[in-house]
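Working notes, beginning with the structure itself.
The values are calculated or read from the model by the stated rules, or taken from the named source; none is laboratory data. Computed from a predicted model, the values in this text were never measured in an experiment. Every residue, glycine as well, gets a Cβ built from its backbone with ideal geometry; the counts of neighbours run over all protein chains shown. Note: areas computed on protein heavy atoms with side chains; ligands, DNA, RNA excluded. Shrake-Rupley method; radii C 1.70, N 1.55, O 1.52, S 1.80 Å.
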Amino acid sequence: MFEPEKFVDESIKQLQETIDGPTIIACSGGVDSTVTAVLLHKAIGKNLKCIFVDTGMMRKNEPEQVSKMFESLGIPLKVIDAKRDFIDALHDVVEPEKKRKIIGELFIRIFEKEAKKVKAKYLAQGTLAPDWIESGGQLRDTIKSHHNVGGLPERMNLKLIEPVRDLYKDEVRRVAEYLGIPKEVYSKQPFPGPGLAVRVLGEVTEEKIEIVREACAIVEEELEKAAEEGKMKLPWQYFAVLMPIKSVGVHGDTRAYGYVISVRAVDSTDGMTADYSHVPHEVLHKISIRITNTMKDKVNRVVYDITSKPPGTIEWE
Ligand code: XMP
């Protein structure tokens, strides 16, 4: 039986015994890195240096929300605007693994710069068990290289600190609740490290990121509203994906040629396997109308993904 209280006490003790210098952590605002930051803040206080890299690939209003949340937790957070760097680095890149590698590398470069500035000796990460299992850390083949795993310690000459690496999502959420982290954070659905870049299939452009960001916001709002109204249970994860194709549609009497959005909603406990959610048709209808109305000249078709994992994965890339 997993006991959050025992886990926290032991973690803090272990972190205090291990760490004897400045420790840098990249915070995304997600539950994994937030729990890691709070544990470290409790264990080592001022020796913890939190940075938030604004990749431009985050969800709507997310950078502002993350800054506010850290302020409320009383943990200093340095925000680094790297939007231009990420979009430029992804120019002309189509292949999903290549995208992930490029994003990971750029993160490392930004870390390196910041780590040098604070003379960091350790790098902390909110890696969970499924992250390293799926990145080929055990017996399984590499399914996707999750960007927060692999290659960091050798290249950076920093010691890696991963206090939640043996936990699964449901366990890290329980730890968050125990630590007094706001409910919006630990009940927030998971979000991939490479962000919206892996929800724009194929080449990433600023325009496509804006489209998928807006579509994700609509999917989130509508499903959360439907769940609040008792029309359905809130799925484990729910978002939009932008297809790398255009299709023909019609606006009034005019032919339209626009992008296709796929809505994805899954039920899962740990992300290792997942079933597609049975979202009521009226809710899907509303999502479709809102997406095509909000982005009339850009999106003219919305589809729903009815694939479970396996054989699909949750994200499309
Ligand atoms: P997949 O798509 O592999 O996703 O079925 C399983 C869960 O992991 C999330 N995911 C990531 N999380 N870094 C992360 O921290 C990543 O690179 C990454 N890729 C996928 C995904 O959103 C789902 O919850």
> Under 16 Å from a point 7 Å along the Cα-to-Cβ line of V248: which residues of segment 297-317 have their amide N that close?
Replying inline: 300-301
> Any idea which of Y186, I102, M69 is furthest toward the positive side of the dipole for the chain, if Lys and Arg beta-carbons carry +1 and Asp and Glu beta-carbons -1?
Replying inline: I102
>> Using only the alpha carbons of the chain, what is the convex hull's orientation-averaged projected area in square nanometres?
In response: 16.8 nm²
> Which of the peptides 238-246, 109-117 is most tightly packed, and how do the rest follow, going by the mean number of other Cβ atoms within 10 Å of each residue?
Replying inline: 238-246, 109-117
> Got the relative contact order for the chain handy, in percent, Cα pairs under 8 Å and 6 or more residues apart?
Replying inline: 16 percent
>> Quick check for me: using +1 on Lys/Arg Cβ and -1 on Asp/Glu Cβ, what's the dipole size of the chain about its Cα centre, in debye to the nearest 20?
In response: 620 debye
> How much of the accessible area of segment 199-304, in percent, comes from carbon and sulfur atoms when a 1.4 Å probe is used?
Replying inline: 50 percent
>> If you restrict to DSSP beta bridges whose two residues both lie in the chain, what percentage is antiparallel, to the nearest 5?
In response: 40 percent
>> Suppose each label sits 7 Å from its Cα in the direction of the beta carbon; what would the E229-T313 distance come out to in nanometres?
In response: 3.5 nm
>> Quick check: pseudo-label points 7 Å beyond the Cα along Cα→Cβ at K13 and T294, how many nm apart are they?
In response: 4.9 nm
>> So with the 1.4 Å probe, I'd like the accessible area per residue for segment 1-140, rounded to whole Å².
In response: 49 Å²
> Between E95 and N61, what length in nm is gained on full extension when 0.36 nm per residue of separation is reduced by their alpha carbon distance?
Replying inline: 9.5 nm
> Which order do peptides 35-46, 218-229 fall in by mean Cβ count within 10 Å, highest first?
Replying inline: 35-46, 218-229
> What accessible area per residue comes out for segment 185-235, rounded to a whole number of Å², with a 1.4 Å probe?
Replying inline: 37 Å²
